[in-house]
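The values are calculated or read from the model by the stated rules, or taken from the named source; none is laboratory data. Note that the coordinates shown come from a computational prediction; the quantities given were computed from them, not determined experimentally. Because the Cβ atoms are built from the backbone with ideal geometry, glycine has one as well, and the counts that use them run over all protein chains shown.
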Ligand code: ATP
Ligand code: MG
Ligand code: MG
């Protein structure tokens, strides 16, 4: 498998600069405003932006809105928000391809006048039949030899609305015998009586992508038009358009492989169905990999950048594991976030020898590996919540947490020893009774006695209740992404909602997107859609590596 280093694009650009083919590098990200951006787009955004930065060049955000459909405008704002969030600053270089319709029309007229384009009356089906196959050359259209005058008149009439959709098209006159099917007199304009979100009813003819895109790049002075591999076969047409229309500084198309994540759903129609079926709560559901979803889950722009850098730029198609994204967010947050205490599956722990009603405030360092994060005061009292799994009536081997007679460290607080416990009639543990050693304050005993287990806790009196959402892949990875009938293999446990979690009071201040480490649990983020000061909701971004396995 060939892997081209990240530098293959840079090498091309270096050469172009050395040969004087370009002075100021200009790149662009050209989304079609027809959906939300996903992690794959992030790669393209950061690649294009990164190159512009690196060469002291320019980066354009251009909406490729040459194909009118109804829902378009609503996506423009979400795309802008996502690109800005990723840190790709387009400054004042925001463009809409539809603003160039007049220039595109003029370019088509130029081609007609050069004898390089003709109006064709074949139907879409006939055009397909005439096109030939990979092994068979195509056949010339019977309309190919229309005079320039006739073509100019007909094209003007197309624009004026004289023809129905599909009645006539404008085609480039290239070579019906070309081994590259894209070069067999491709359609460059079609009639479509549709309103456009930007130009309204001004136009009833619209340019095709392969004609429009190189012109958009050329108009903006884009020097390097970076796109994904499926356009490799379209490059000869791209070059033909910029050459024949006559741009003096032709942009250069460079292709790289798309970013795919293993066992992750990115296809628009699948996500649409998940939303419609109520399996996810929107395009930004934290289990999805749209940029909005990753942001809502608690990913940072830095973590996405790290991920994209780690993936590298390649010419060969490959698929990257989601675990790598998780690695990146863990790495990014490790030193940046405070390590707080939250109990997700609570059971009461009562310290029988601790004064009733008393609350003391313990000074706790926020992140032992990063003193810059300072410290906070954490309330402690006679009644606490601990994780249910941190107590066992009958412990297995190597279980160092609480069990009758065992002593553990309450993180940042004291040693406690389990004296007894209470069960309800169903056998469920309801209370664990302990005694504490006041001399072990801070988590160490002056007599040097050691304990093997350290558990976290939240003081019951001051605890704040919260909802915590634990996520897994929406796909059942064992079975693969798709069933035989093409439907998705859904994981029924992809969302686990814990309604009764207890968090330390400091966490009640969490605002949308704020993230924290919950010690021993993972990284969590206040849900931007559902979390409210009086009803907090946290998403698990990613778990920590687990230290204990039963
Ligand atoms: P999708 O069908 O997933 O929405 P798209 O290609 O239709 O993708 P566009 O809006 O046309 O989306 O793409 C904008 C830019 O993002 C294009 O330059 C495209 O090549 C790039 N892009 C899209 N998907 C990926 C991907 N998976 N990896 C890298 N770049 C991508
Ligand atoms: Mg798209
Ligand atoms: Mg596309």
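Here residue 241 does not qualify as crowded, with 20+ Cβ neighbours inside 10 Å, within 16 Å of ligand 2 (Cβ to nearest atom) and not in a strand (DSSP E or B).
Within the range 259-278, the set of residues being in a loop (DSSP other than H, G, I, E, B) and either surrounded by 18 or more Cβ atoms within 10 Å (Cβ to Cβ) or away from ligand 2 (no atom under 16 Å from the Cβ) (or both) comprises 262, 263, 264, 265, 277, 278.
In the range 400-410 there is at least one residue that is assigned by TED's automatic domain parsing to the domain that holds residue 505, at pLDDT 95 or above, part of a loop (DSSP other than H, G, I, E, B) and out of contact with any strand residue (DSSP E or B) (no Cβ under 7 Å at 6 or more places or on another chain).
Within the range 228-250, the set of residues being closer than 17 Å to residue 27 by Cβ, within 16 Å of ligand 1 (Cβ to nearest atom) and without any contact (Cβ under 8 Å) to a residue 40 or more places away in the chain comprises 231, 235, 238. Filtering the range 58-72 for residues that are within 15 Å of ligand 1 (Cβ to nearest atom), at pLDDT below 95 and in a helix (DSSP H, G or I) leaves a non-empty set.
Do we find a residue being closer than 15 Å to residue 384 by Cα, touching a residue at least 40 places away in the same chain (Cβ under 8 Å) and crowded, with 18+ Cβ neighbours inside 10 Å anywhere in the range 418-430? No, there is no match, as no residue in the range 418-430 is closer than 15 Å to residue 384 by Cα, touching a residue at least 40 places away in the same chain (Cβ under 8 Å) and crowded, with 18+ Cβ neighbours inside 10 Å.
Restricting the range 27-57 to residues that are over 28 Å from residue 264 (Cα atoms) and either surrounded by 23 or more Cβ atoms within 10 Å (Cβ to Cβ) or without any contact (Cβ under 8 Å) to a residue 40 or more places away in the chain (or both), the residue that is farthest from ligand 3 (Cβ to nearest atom) is 56. Residues in the range 335-350 that are within 19 Å of residue 430 (Cα to Cα) and surrounded by 22 or more Cβ atoms within 10 Å (Cβ to Cβ) were compared, and the one that is farthest from the chain's Cα centre (by Cα) is 349.
Of the numbered criteria (1) more than 16 Å from ligand 1 (Cβ to nearest atom); (2) within 23 Å of residue 113 (Cβ to Cβ), the one residue 208 fails is (1).
Screening the candidates 223, 266, 228, 262 for the property of being under 30 Å from residue 473 (Cβ atoms), in contact with a helix residue (DSSP H, G or I) (Cβ under 8 Å, 6 or more places away or on another chain) and more than 16 Å from ligand 3 (Cβ to nearest atom) yields one hit, 262. Can you tell me which residues in the range 433-456 are within 44 Å of the chain's Cα centre (by Cα) and closer than 14 Å to residue 386 by Cα? Selection gives 453, 454, 455, 456.
Only one of the listed residues (317, 253) is in contact with a helix residue (DSSP H, G or I) (Cβ under 6 Å, 6 or more places away or on another chain) and more than 30 Å from residue 418 (Cα to Cα). That residue is 253. Against the list (1) farther than 23 Å from residue 336 by Cα; (2) within 16 Å of ligand 2 (Cβ to nearest atom); (3) surrounded by 15 or more Cβ atoms within 10 Å (Cβ to Cβ), the condition residue 251 fails is (2). Taking the residues in the range 204-223 that are assigned to a loop (DSSP other than H, G, I, E, B) and crowded, with 22+ Cβ neighbours inside 10 Å as candidates, determine which candidate is nearest to ligand 2 (Cβ to nearest atom). Among residues in the range 204-223 that are assigned to a loop (DSSP other than H, G, I, E, B) and crowded, with 22+ Cβ neighbours inside 10 Å, the one nearest to ligand 2 (Cβ to nearest atom) is 222. It is to be established whether one or more residues within the range 173-192 are touching a strand residue (DSSP E or B) at 6+ places or on another chain (Cβ under 8 Å) and closer than 19 Å to residue 33 by Cα. Yes, because at least one residue in the range 173-192 is touching a strand residue (DSSP E or B) at 6+ places or on another chain (Cβ under 8 Å) and closer than 19 Å to residue 33 by Cα.
I'd like to know if the range 119-140 contains one or more residues that are farther than 24 Å from residue 153 by Cα, in contact with a helix residue (DSSP H, G or I) (Cβ under 6 Å, 6 or more places away or on another chain), at pLDDT 95 or above and within 16 Å of ligand 3 (Cβ to nearest atom). No; the residues of the range 119-140 include none that is farther than 24 Å from residue 153 by Cα, in contact with a helix residue (DSSP H, G or I) (Cβ under 6 Å, 6 or more places away or on another chain), at pLDDT 95 or above and within 16 Å of ligand 3 (Cβ to nearest atom). Can you confirm whether residue 468 is buried (at least 19 other Cβ atoms within 10 Å of the Cβ) and either more than 17 Å from residue 532 (Cβ to Cβ) or under 27 Å from the mean Cα position of the chain (by Cα) (or both)? The answer is yes for residue 468.
One line per residue, one yes/no per condition, for (1) under 22 Å from residue 221 (Cα atoms); (2) within 37 Å of the chain's Cα centre (by Cα); (3) outside any loop (DSSP other than H, G, I, E, B):
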| residue | (1), (2), (3) |
| --- | --- |
| 80 | yes, yes, yes |
| 92 | yes, yes, no |
| 100 | yes, yes, yes |
| 127 | no, no, yes |
| 135 | no, no, no |
| 143 | no, no, no |
